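Encoded as structure tokens, the structure appears first; notes follow it.
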Amino acid sequence: MSPRIVVDPITRIEGHLRIEAQVDGGMVQDAWSSTTMWRGLEQILIGRDPRDAWYFAQRICGVCTTVHALASIRAVEDALDITPPLNARLLRDLIGVSQYVHDHVVHFYHLHALDWVDVVSALKADPQQAAVVAQSLSDYPRNTAKQMTAVQQRLQAFVQGGRLGPFANGYWGHPAYKLSPEVNLLAVSHYLDALDFQRDYVKIHALLGGKNPHPQTYVVGGMAIPIDPNSQYAINDNTLQQVRGLLQSGLNFVNQAYIPDLVAIGKSYPEWTAIGGGLNSYMTFGDFGGAQPKRGQTDTAGILPSGIVRNGDLSKVEPVDPMKITEDVARGWYSYREGDGTPLRPYDGETTANYTGPNPPYDFLDVDKKYTWLKAARYDGIPVEVGPLARMMVGYAAGDARIKPLVDGALQTLGVGPAALHSTLGRTLARGLETKLLADQSLGLLDQLVANIAGGDLAVHAGVKWEPKSWPAKARGVGFHEAPRGALSHWIVIEDQKIKGYQAVVPSTWNASPRDAKGQPGAYEAALVGTPIADPKQPLEILRTVHSFDPCMACAAHVIDADGTPIVEVRVQ
Amino acid sequence: MSIVPPAPAPSQTASTANGPIDDGLLARLFELGVDRRSFLKYCGVLTATLALPPSFAPRVAAAVAAADKPSMVYLAFQDCTGNAESMLRARNPDIASVILDLMSVDYQETVMAAAGEQSKQARDAAVGKGGHILVVEGSVPLGGDGYCTIGGESAQQILKKASKGAAAIINVGTCSAFGGLPAAHPNPTKAVAVGDVVSGVPIVNLPGCPMNVDNLTATIAHYLTFKALPARDSQQRPLFAYGDRIHDNCPRRGHFDAGQFAMAWGDEGHREGYCLYRLGCKGPSTFHNCPILKWNGGTQWPIGAGHGCVGCSEAGFWDTMTPFYDRLPHIEGFGVDSTAEKLGLTVVGATAVGFGLHGVGKTLQNKLGRNSDEQSTVDVTDGSTDLGSAGFGSSPAGRDNPDGKAGPA
């Protein structure tokens, strides 16, 4: 058996992720996913005002910069039985949906594209021909020969300068790169355009939330931004027009650049519909545009679906039972009082850090023991994948009126059947499809907000339970949010107006999970098995599959102590 | 201590403050896909951000355009990547990319193509040459090396190695500048600021949660223009960005002075843009150019959008400014009939005491309100966060310049 290959840091993700993989016969035989950073946010939250929790929780991640704020607010509202007004719910949906469009575009072009696009090859392209190819794909206005020439010259100057900056040391020329120089050039051109696009589009968050990253506008019970068509200090017609223009620009960019580029990549890499599937069981909590969900339940009436698909069986969708969510720490650097292999529900969770890994600097983790700062999250005892593929799978299996035709159309374009979705490329495709879905629906959400305001409703906050003295002595609640990277839940226990316990079970906790007490691997680990590796020194293929999940490690590694025992032990072997 | 970058490119254009920009520079700008007008406009913005006289704009432009690709190494430790995301939001990207094209971003995990060994090689090569600008996001855990490792090395090991020979360290965000969220009580990983681990390299702190990218580009422009880091306060924050109190530049200040406050989210006062102080705004205790720059290319800022300031650029704000919605002490007895002058005096006098007490009181509450049966404490002072600076009417935390140089040399 050859020594394990190590990829650390996995770059072009959020946070700190390490993959160790056993490669034999040109193929990954086994893989271990390790999160190598922990902050202890759980302990920091204990004893604080529950109304502040969203601001702390938001800092779990600056990439998914809205999602933890929203899940946290919903957890407190669930605990205190608060229903925010319709305007506030729609504003949250607009911020959330635009987060998807922003985040997925950035992921596709800036975090994932370089796994498929050889930047150096673009230097060899014929810019005229690149424009012809680009124009055959879409009517994107910047698909001109002039633009392709300018981008190539800029790239040329960059390379001649001898300092490649962020493009240095890429796996350029790797045999797994298959796009023509012309397609590579058009992708580089759109990579640069997407930088401009994301910078402008995210102004939606500034308009509705004061700033981005980390919009500062959520409050328990509603939103902090006032609405008044007759005031220049509130959301008025001017604000709404600007938001509409930006939402439309998002829809245009997705339709004219993202989707055509995605299809071009999909057609060029058909073998990746048979690689990187993994668990084949999926979970999604649902979100956006529906009525206020019942207390303690997921949103079953939103644009995004809620449900479970087991073992790739698309013939049935189970409803989500939140009480079936558990976590164990058999292989994570924590200890449980009743034994590390005991599955605990989030309300009963514990977090006692217990680092038993090697003393840095080290070459390998001891993967037979504990090897990560993640707990193993499980649903009804099994590992599940969450994220874009889970949403499209559950929506497809449920016959969702929007999702099914969207997925069928894409499958037809690529000439493959639904089974091809259980793959690296399927995951990347699903992300693009749902971006289109939500970019489309975003304008409808804005229409609803406008109509509600036109009807005279200016309320943004339900203030009856704002003052802590109006709260019960004890309360607990859960906030669900279907975040861009997957199913997210925050769980809070409130006692005497203070946080007694707080736990977040996060999308990347599900996907980047280590083995559990029964030895079942997590989603990354399962997906990597069977991945071909052309050159163990340049494991480009590992990046493709891991990036297809869009890892977010700061999110994942911050499991939270519901019990409030601030004990931290660090033992170094 | 030396803050002169190694071998800056000699430029025939950089020497005059008001001189014209020569054709060579223009050609280079065109090469980079930038037209002269928008470039100069951007340098005007930088100049304004730096609080320099407008006559400096051409000098900034010349220096920025003539720079010889100093290397940037961007490290992330106990972070949320919010500052890297903020960097992607730089206004006028054509020009921001000039900065990027002119800085060689040799290591930045969020965007770089290379991974694993190849990425570490890129980092070590850039560091090996020396003279690099080290940008750091996230705090450094001292409670155990296992709390943050990258490529098998601990945050401390990487930081010490990468700061060797660096021309300067720029800490982006409150975590690397002051310890930030991981260092909030009870600081489970014993997280500290970069400045607590590294010595011998000049440091610029750009706190904020996250930092405003316009302050980063302005800091870099200043460095390229004057071959020196901008003048800083005792917490190493540039005066051009952290010299003024938010409250003093707040467009809602008039309402404060007139006693007009929003009392509930969405009430009439809130809709009319009244002062947010009763809803918890910490603008009176916070030094930052947020109201001037705003966010996302000047689109909006938190107070403008109706939520109070939480003091995110102040050291220890997670403990000293919480609970966020507790108002600073209530001031009775003034209304619209009082004169502004009289009010100003009353308010300054009463709140100066109040704000000072607020900081102390909240810290005590936070300490007592949680399990504190371990040794860690709420480090509100963090060596330099004098509570006096949270008082009304006091000056920002020291204006001494550690480099002994004035900003515009």
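The values are calculated or read from the model by the stated rules, or taken from the named source; none is laboratory data. Note that this is a predicted model, so its numbers are computed, not measured. Quick reminder, even Gly has a Cβ in these numbers, built from the backbone with ideal geometry, and neighbours come from all protein chains shown.
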Practice problem: Looking at (1) assigned to a loop (DSSP other than H, G, I, E, B); (2) within 13 Å of A:GLY522 (Cβ to Cβ), find the lone condition where A:GLU350 falls short. | Solution: (2)
Quiz item: Does region A:548-560 include one or more residues that are within 12 Å of chain B (Cβ to nearest Cβ), at pLDDT below 95 and surrounded by fewer than 24 Cβ atoms within 10 Å (Cβ to Cβ)?
Solution: no
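Looking only at region B:159-176, which residues are part of a helix (DSSP H, G or I), in contact (Cβ under 8 Å) with a residue 40 or more places away in the chain and of a type in the set (Gly, Ala, Ser)?
Answer for region B:159-176, where residues must be part of a helix (DSSP H, G or I), in contact (Cβ under 8 Å) with a residue 40 or more places away in the chain and of a type in the set (Gly, Ala, Ser): B:ALA162, B:SER176.
Filter region B:209-240 down to residues that are of a type in the set (Gly, Ala, Ser) and touching a Phe, Trp or Tyr at 6+ places or on another chain (Cβ under 9 Å) and give me whichever is nearest to B:SER104 (Cα to Cα).
Only one residue fits best here, namely B:ALA218.
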Quiz item: How many residues does region B:138-149 contain that are facing another protein chain (nearest Cβ under 9 Å) and touching a residue at least 24 places away in the same chain (Cβ under 8 Å)?
Solution: 7
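Regarding region A:331-339, can at least one residue be identified that is under 21 Å from the mean Cα position of the chain (by Cα) and modelled with pLDDT of 95 or more?
No - not one qualifying residue is present in region A:331-339.
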Quiz item: Looking at this structure, is A:ALA134 under 22 Å from A:ASP103 (Cα atoms), small (Gly, Ala, Ser), in contact with a Phe, Trp or Tyr (Cβ under 9 Å, 6 or more places away or on another chain) and more than 8 Å from chain B (Cβ to nearest Cβ)?
Solution: no
Quiz item: Of the residues that make up region A:48-62, is at least one among the basic types (Lys, Arg), more than 10 Å from chain B (Cβ to nearest Cβ), more than 17 Å from the chain's Cα centre (by Cα) and more than 18 Å from A:ALA487 (Cα to Cα)?
Solution: no
Quiz item: Is one or more of the residues making up region A:197-208 surrounded by 23 or more Cβ atoms within 10 Å (Cβ to Cβ), among the small types (Gly, Ala, Ser) and more than 30 Å from A:PRO270 (Cα to Cα)?
Solution: yes
Quiz item: Just checking, how many residues over region B:270-282 are crowded, with 24+ Cβ neighbours inside 10 Å, in a loop (DSSP other than H, G, I, E, B) and at the interface with chain A (Cβ under 8 Å from one of its Cβ atoms)?
Solution: 0
Quiz item: Just one of A:GLN292, A:GLN297 is buried (at least 17 other Cβ atoms within 10 Å of the Cβ) and in a loop (DSSP other than H, G, I, E, B); which is it?
Solution: A:GLN297
Quiz item: Picking from A:ARG142, A:ARG92, which residue would you name as being part of a helix (DSSP H, G or I), closer than 30 Å to A:GLY444 by Cα and of a type outside the set (A, V, I, L, M)?
Solution: A:ARG92
Quiz item: What is the number of the single condition among (1) surrounded by 22 or more Cβ atoms within 10 Å (Cβ to Cβ); (2) under 21 Å from the mean Cα position of the chain (by Cα) that B:ASP196 does not meet?
Solution: (1)
Self-check item: Residue list for region A:196-221, restricted to those being assigned to a loop (DSSP other than H, G, I, E, B), more than 7 Å from every other protein chain (Cβ to nearest Cβ) and closer than 15 Å to A:GLY96 by Cβ
Solution: A:PRO215
Exercise. Just name the residue that is surrounded by the most Cβ atoms within 10 Å (Cβ to Cβ) out of those in region A:209-226 that are in contact with a Lys or Arg (Cβ under 9 Å, 6 or more places away or on another chain) and farther than 20 Å from A:GLY62 by Cβ.
Key: A:MET223
Quiz item: Tally time: how many residues in region B:177-223 are within 13 Å of chain A (Cβ to nearest Cβ) and either small (Gly, Ala, Ser) or in a loop (DSSP other than H, G, I, E, B) (or both)?
Solution: 16
Exercise. Name every residue in region A:1-16 that is among the charged types (D, E, K, R) and at the interface with another protein chain (Cβ under 8 Å from one of its Cβ atoms), in order of residue number.
Key: A:ASP8, A:ARG12, A:GLU14
Exercise. For region B:260-269, enumerate the residues that are surrounded by fewer than 19 Cβ atoms within 10 Å (Cβ to Cβ) and touching a residue at least 40 places away in the same chain (Cβ under 8 Å).
Key: B:GLN260
Quiz prompt | In region B:283-319, the residues that are more than 23 Å from B:VAL204 (Cβ to Cβ), among the polar types (S, T, N, Q) and either in a loop (DSSP other than H, G, I, E, B) or more than 9 Å from chain A (Cβ to nearest Cβ) (or both) | solution = B:THR299
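Report, by residue number, each residue of region B:163-179 that is among the small types (Gly, Ala, Ser) and out of contact with any Asp or Glu (no Cβ under 9 Å at 6 or more places or on another chain).
Within region B:163-179, B:SER163, B:GLY165, B:ALA166, B:ALA167, B:ALA168, B:ALA177 qualify.
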Quiz prompt | Filter result (more than 14 Å from chain B (Cβ to nearest Cβ), over 18 Å from B:GLN118 (Cα atoms) and either outside any helix (DSSP H, G or I) or not acidic (Asp, Glu) (or both)) within region A:159-189 | solution = A:LYS178, A:LEU179, A:SER180, A:PRO181, A:VAL183, A:LEU185, A:LEU186
Practice problem: Quick one: A:CYS64 ticks every box in (1) modelled with pLDDT under 95; (2) surrounded by fewer than 24 Cβ atoms within 10 Å (Cβ to Cβ) except a single one, so which number is it? | Solution: (2)
Quiz item: Is it the case that some residue within region B:133-150 is of a type in the set (Gly, Ala, Ser) and assigned to a helix (DSSP H, G or I)?
Solution: yes
Self-check item: Matching residues in region A:298-314 - criterion: being under 16 Å from A:PHE480 (Cβ atoms), touching a Pro at 6+ places or on another chain (Cβ under 9 Å) and touching a residue at least 40 places away in the same chain (Cβ under 8 Å)
Solution: A:THR298, A:ASP299, A:GLY302, A:SER306, A:GLY307, A:ILE308
Self-check item: Residues of region A:222-233 that turn out to be at the interface with another protein chain (Cβ under 8 Å from one of its Cβ atoms) and free of Cβ contacts under 8 Å to residues at least 24 places away in the same chain, as a count
Solution: 3
Quiz item: Counting just the residues of region A:518-538 that are assigned to a loop (DSSP other than H, G, I, E, B) and either of a type in the set (Phe, Trp, Tyr) or within 15 Å of A:VAL7 (Cβ to Cβ) (or both), which one comes out nearest to the chain's Cα centre (by Cα)?
Solution: A:THR531
Exercise. Could you tell me whether A:ILE275 is part of a loop (DSSP other than H, G, I, E, B), closer than 27 Å to A:HIS110 by Cβ and away from chain B (no Cβ under 14 Å)?
Key: yes
Practice problem: Please find, within region A:383-412, the residue that is surrounded by the most Cβ atoms within 10 Å (Cβ to Cβ) out of those that are outside any helix (DSSP H, G or I) and of a type in the set (Asp, Glu). | Solution: A:GLU385
